[in-house]
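Just below is one structure, and these are the notes that go with it.
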Amino acid sequence: MEQQISPANSSVRKAPPVVLPSPVMTREKFAEVSGLREGQVRSQIERGHLPVYYIGRLALVNIAVLAWPELDLVPCPMMTKDAFAKVSGMRERQVESQIDRGNLPVKKLGRLSVVDMSELVKRCLANNNNVVTL
C-alpha cells in the first residue's frame, strides 16, 4: 500500500520571504553593496554576466533577476522618491525626472506620488533578456 504525503504532514518548511530593498541599483551602489570595484561591475555588465534594467537612459543593475527563483521576494510596496533614490543609488533629481517621463511606475497617495515598487519588480523580472548563465 502506497502512502501519500500531504503538505500538512510534510516536514519541509518554506523559507521566510526575503525583503528586497530595491529591484534595481546603480553600478556604483551595486559595487558598494557587493564589494566589487566599479570597473568590475561595468565589465560584468558589458560581458552580459550582470542583468541590466533601463529606466530611461539609465542602465541599472537588475537585482530582481539576480535573486534565485526559489526565493520568495517581497518588495516594499511603495517608496518615496528620496527613499528610492537612497536604496537604488540614483540621485533624487534623476528619480523625479524619470517619474515625470513615465519611466518609473507611480502610485498616488492623496497629493503624494510614490514609486510603485511592486510594479517595478514585475517589470524587472519580465525584462531579463541579457543575462548570460554560466
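The values are calculated or read from the model by the stated rules, or taken from the named source; none is laboratory data. Everything numeric here is computed off the predicted structure, so don't read it as measured data. Quick reminder, even Gly has a Cβ in these numbers, built from the backbone with ideal geometry, and neighbours come from all protein chains shown.
Sort out which residues of the stretch 85-100 are surrounded by 11 or more Cβ atoms within 10 Å (Cβ to Cβ) and without any contact (Cβ under 8 Å) to a residue 60 or more places away in the chain, and write them in order of number. If you could, list the steps in order and put the result at the bottom.
Within the stretch 85-100, the subset surrounded by 11 or more Cβ atoms within 10 Å (Cβ to Cβ) is 85-92, 94-100.
Result: Ala85, Lys86, Arg91, Glu92, Gln94, Val95, Glu96, Ser97, Gln98, Ile99, Asp100.
Just checking: which of the helices (runs of 4 or more DSSP H) contained wholly in the stretch 55-134 hold 3 or more residues that are within 17 Å of Lys29 (Cβ to Cβ) and modelled with pLDDT of 90 or more?
Numbers: elements: 63-66, 81-88, 92-100, 117-126.
Correct list: 81-88, 92-100.
Of the conditions (1) at pLDDT below 85; (2) assigned to a strand (DSSP E or B); (3) small (Gly, Ala, Ser), Ala8 satisfies every one except a single condition; which number is it?
Ala8 satisfies all of (1) at pLDDT below 85; (2) assigned to a strand (DSSP E or B); (3) small (Gly, Ala, Ser) except (2).
Which one is surrounded by the most Cβ atoms within 10 Å (Cβ to Cβ) among residues in the stretch 22-36 that are in a helix (DSSP H, G or I) and in contact with a helix residue (DSSP H, G or I) (Cβ under 8 Å, 6 or more places away or on another chain)? Before the answer, list the steps.
So in the stretch 22-36, the residues in a helix (DSSP H, G or I) come out as 27-34.
Right, trim to in contact with a helix residue (DSSP H, G or I) (Cβ under 8 Å, 6 or more places away or on another chain) and you get 27-31, 34.
Working: Arg27: 21, Glu28: 13, Lys29: 20, Phe30: 23, Ala31: 19, Ser34: 15.
Among those that are in a helix (DSSP H, G or I) and in contact with a helix residue (DSSP H, G or I) (Cβ under 8 Å, 6 or more places away or on another chain), it is Phe30.
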